[in-house]
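J.: First the structure, then my questions, so here it is.
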Amino acid sequence: MTPTERRIAAVWAPLLGVDEAAIGRDDHFFDRGGSSLQAVTMVLRLGKEVSLSEVTRHPVLADLAALIDERPAPSTGLLHVLSDPGEGGRATLVGLPPAGGHAVNFRPLATALRGSGLAVHAVELPGHDPDGSDDTDGALLPLDEVADRVAAETADLPGVVLWGHSAGAATALAVARRLEERGTPARRVVIGAQLLGDADARRRDAAELAARSDADLLASSAAPPDLAPDRAARAAAAFRHDCLAAHGYLVGALEDPPADRLATPVTVVLAADDPSTAGREARHRDWGLFARQVDLHVLDDGGHHFLRTRPAAAARVVRAATDPVPSP
């Protein structure tokens, strides 16, 4: 191993619960059991040498070490490739993460979709790396700008399925609208762990959210608990920004419904044990404000973050959305 590879292995070992000597240069962080939260911790322990988006794109130890040693020019796009099906790929899942989230949140789903013929891409938003070393100036982008950029990067991909998880649902719907306007519609929009609700309730939630402290916000988010104060402030700002952006977009639609509903069908995926989506049997139909066809898929369990806890079940939803329609 190179010195950089040994240094990374020393960081990985306690996170993965193995001896440093058991880690090889060809090991894949997520295949060895690393989670998205552990990836954030890894970034913090490596200082500013690597960003979370770079860990997502380069999860093999030797590749990550080479990135640190060579420091190639960073990507300027928002989409990051989590898995590539190779030749004959028939569809592409594009993940829009939850509030304060990262492309790496879709890594478990990408792993579960291996061998399915689907590529998996996910969005890494500027200003969301808690160490402040992402590939941008750290500015948090308006939802409309994110949707414009993701649509532009997505338009030429085959058989796009947009998965917007929790607050990411609003962005997914905005991207779907832009793709239809471009004449390159998505195959389906998947809305995970989110119900539409009503405008008054969303305004109340937004006002409450704006008033909550950073510590309180982080306690209810998926951020690691041991962030230094400056990193905690950045993580809380990203979480607050994403939630408020989603509330604003959805309140606008509730008060001024779109004239034309999406032709792209919508699948709402909820977990039976997620208290934030109680009443799903009737309330999932509210998404018909945006789309002509809305259906519901309920997981037995998995909680709000079932992308992490039930990736195989989530993968089955994606496969069903992309399976070829049989000939009559």
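J.: So what J values fall out for the stretch 10-17 if you push phi through Karplus, 6.51 cos²θ - 1.76 cosθ + 1.60 with θ = phi - 60°, rounded to Hz, Gly and Pro as x?
T.: In residue order, the calculated couplings are 5, 6, 5, 3, x, 5, 8, x Hz.
J.: Still on this model: What distance in nm lies between label points placed 7 Å from Cα along the C-beta direction at residue 312 and residue 300?
T.: 1.1
J.: Relative to the longest principal Cα axis of the chain, at what angle does helix 36-45 sit, 0 to 90 degrees, rounded to 10?
T.: 40
J.: Additional query: Can you find, among 142, 173, 218, the residue sitting farthest towards the positive end of the charge dipole of the chain, where Lys and Arg contribute +1 and Asp and Glu -1 at Cβ?
T.: 173
J.: Among residues other than residue 270 whose Cβ falls under 14 Å from its Cβ, what is the net charge (Lys/Arg +1, Asp/Glu -1)?
T.: -3
J.: Dipole of the stretch 169-328, Cα-centred, from +1 at each Lys and Arg C-beta and -1 at each Asp and Glu C-beta, to the nearest 20 debye?
T.: 500
J.: Counting only residues 5 or more places away or on other chains, whose amide H sits under 5 Å from the amide H of residue 299 once H atoms are built in the peptide plane?
T.: HN-HN under 5 Å from residue 299: 270, 271, 272.
J.: Peptides 155-168, 34-47, 8-21: what's the order by average Cβ count within 10 Å, highest mean first?
T.: With the highest mean Cβ count within 10 Å placed first, the list reads 155-168, 34-47, 8-21.
J.: Using a 7 Å offset from the Cα along the Cα-to-Cβ direction at both residue 293 and residue 187, what is the distance between the two label points in nm, to one decimal?
T.: Placing both labels 7 Å beyond Cα along the Cβ direction yields 1.3 nm.
J.: Still on this structure, I have one more. Roughly how tilted is helix 229-255, in degrees to the nearest 10 and between 0 and 90, from the longest Cα axis of the chain?
T.: The two axes meet at around 20 degrees.
J.: Suppose we take every Cα in the chain and form the convex hull; what volume per residue is that in Å³?
T.: In the chain, the Cα hull volume divided by residue count equals 141 Å³.
J.: What is the stretch 1-69 by shape, rounded, prolate or oblate, if you read a ≥ b ≥ c off the alpha carbon gyration tensor as root eigenvalues and call it rounded for a/c under 1.5, prolate for a/b larger than b/c, and oblate otherwise?
T.: rounded
J.: Which of 29, 44, 4 sits closest to the plus end of the dipole of the stretch 1-74, meaning its Cα is farthest towards the positive end, when Lys and Arg get +1 and Asp and Glu get -1 on the C-beta?
T.: 44
J.: Let me check I've understood the local charge: for residue 302, count other residues with C-beta under 15 angstrom from its C-beta, Lys and Arg +1, Asp and Glu -1. What total comes out?
T.: 0
J.: Given Cβ point charges of +1 (Lys, Arg) and -1 (Asp, Glu) and nothing else, what value in debye, to the nearest 20, does the dipole of the chain about its Cα centre take?
T.: 620
J.: Moving to a separate point now. To the nearest 10 degrees, how steeply does helix 61-70 sit against the main Cα axis of the chain, on a 0 to 90 scale?
T.: Helix 61-70 sits at roughly 80 degrees to that axis.
J.: Show me the ranking of peptides 234-242, 248-256, 199-207 by mean Cβ neighbours inside 10 Å, starting with the highest.
T.: Output ranking for 234-242, 248-256, 199-207: 234-242, 248-256, 199-207.
J.: Across the stretch 142-147, in residue order, what do the Karplus-derived ³J(HN,Hα) couplings come to in whole Hz, using 6.51 cos²θ - 1.76 cosθ + 1.60 with θ = phi - 60° and x for Gly and Pro?
T.: Along the stretch 142-147, the couplings run x, 4, 4, 5, 4, 4 Hz.
J.: So what J values fall out for the stretch 157-163 if you push phi through Karplus, 6.51 cos²θ - 1.76 cosθ + 1.60 with θ = phi - 60°, rounded to Hz, Gly and Pro as x?
T.: For the stretch 157-163, the Karplus curve yields 7, x, x, 6, 10, 8, 10 Hz.
J.: Quick check for you: which residues of the stretch 39-67 have the amide N under 12 Å from the point 7 Å beyond the Cα of residue 10 toward its beta carbon?
T.: The answer is 46.
J.: Can you give the FRET efficiency to the nearest 0.05 for residue 70 and residue 323, using r as the Cβ-Cβ distance and R₀ = 51 Å?
T.: 0.80
J.: Also, quick follow-up: Can you give me the long-range amide H partners of residue 190? Hydrogens built in the peptide plane at 1.01 Å from N, cutoff under 5 Å, separation of 5 or more residues or another chain.
T.: Amide H neighbours of residue 190: 162, 163, 164, 267.
J.: Please work out the FRET efficiency for the pair residue 18 and residue 201, using the Cβ-Cβ distance as r and a Förster radius of 41 Å; give the result to the nearest 0.05.
T.: 0.30
J.: What does the charge add up to near residue 151, with Lys and Arg as +1, Asp and Glu as -1, over the other residues with Cβ less than 13 Å from its Cβ?
T.: Charge balance in the 13 Å sphere: -3.
No lab work stands behind these numbers, since they all come straight from the coordinates. Since the model is a prediction, treat every value here as computed from it, not as a measurement. Glycine gets a Cβ as well: all are built from the backbone with ideal geometry, and neighbour counts include every protein chain shown.
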